[in-house]
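Values in this text are rule-based calculations from the coordinates and carry no lab data. Just so it is clear, the structure is predicted and the values come from calculations on it, not from any experiment. Here the Cβ positions follow ideal geometry from the backbone for every residue, glycine too, while neighbour counts run over all protein chains shown.
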Amino acid sequence: MTASPQEVRELLLARDADFQRLVQEHSQYEVQLDRLSKQTYLNSEDLLLEIELKKRKLRVKDEMEMLVARHRHELSRR
């Protein structure tokens, strides 16, 4: 039986330092984006920062999903 993506995420979060780092980085970007979204007005620098943070957050999410997929594949081969 293949582990669900959520089960693999939990396993990686408990055991994999790279995955833990990515989760922390993703959370930091989320906090920064949340802070920006609460501002009444965003100047051009803020808008550029928002775009950059969204790109970084998505890149980190993609890396996390690649680790999950790789680990699921390895578990299914056992």
For the chain, averaging the sequence separation of alpha carbon pairs under 8 Å that lie six or more residues apart and dividing by its residue count, the contact order in percent is 51
Rounded to the nearest 10 degrees, the helix 17-37 long axis (Cα) sits at an angle to the longest Cα principal axis of the chain of 30
Measuring from the longest principal axis of the C-alpha atoms of the chain, the long axis of helix 5-15 (C-alpha) lies at a number of degrees, nearest 10, equal to 90
Please name which of SER27, LEU75, THR40 has its Cα lying farthest along the dipole of the chain towards the positive end, using unit charges on Cβ (Lys, Arg +1; Asp, Glu -1) and the Cα centre as origin.
-> LEU75
Where the centroid of each part is defined by its Cα atoms, how far is region 21-45 from region 59-78 in Å?
-> 26
Per-selection Rg to Rh, the chain - Cα, Kirkwood hydrodynamic radius = 1.14
In debye, nearest 20, what is the charge dipole magnitude of region 5-76 about its Cα centre with +1 on Lys and Arg Cβ and -1 on Asp and Glu Cβ, if you could check?
-> 40
Sites matching trypsin sites (Lys or Arg not before Pro) across region 1-32 that sit in DSSP coil, with at most 13 neighbouring C-beta atoms within 10 Å = none
How long is the gain from ALA69 to GLU30 if the chain were fully straight, where each residue apart is worth 0.36 nm and the alpha carbon distance is subtracted?
-> 11.8 nm
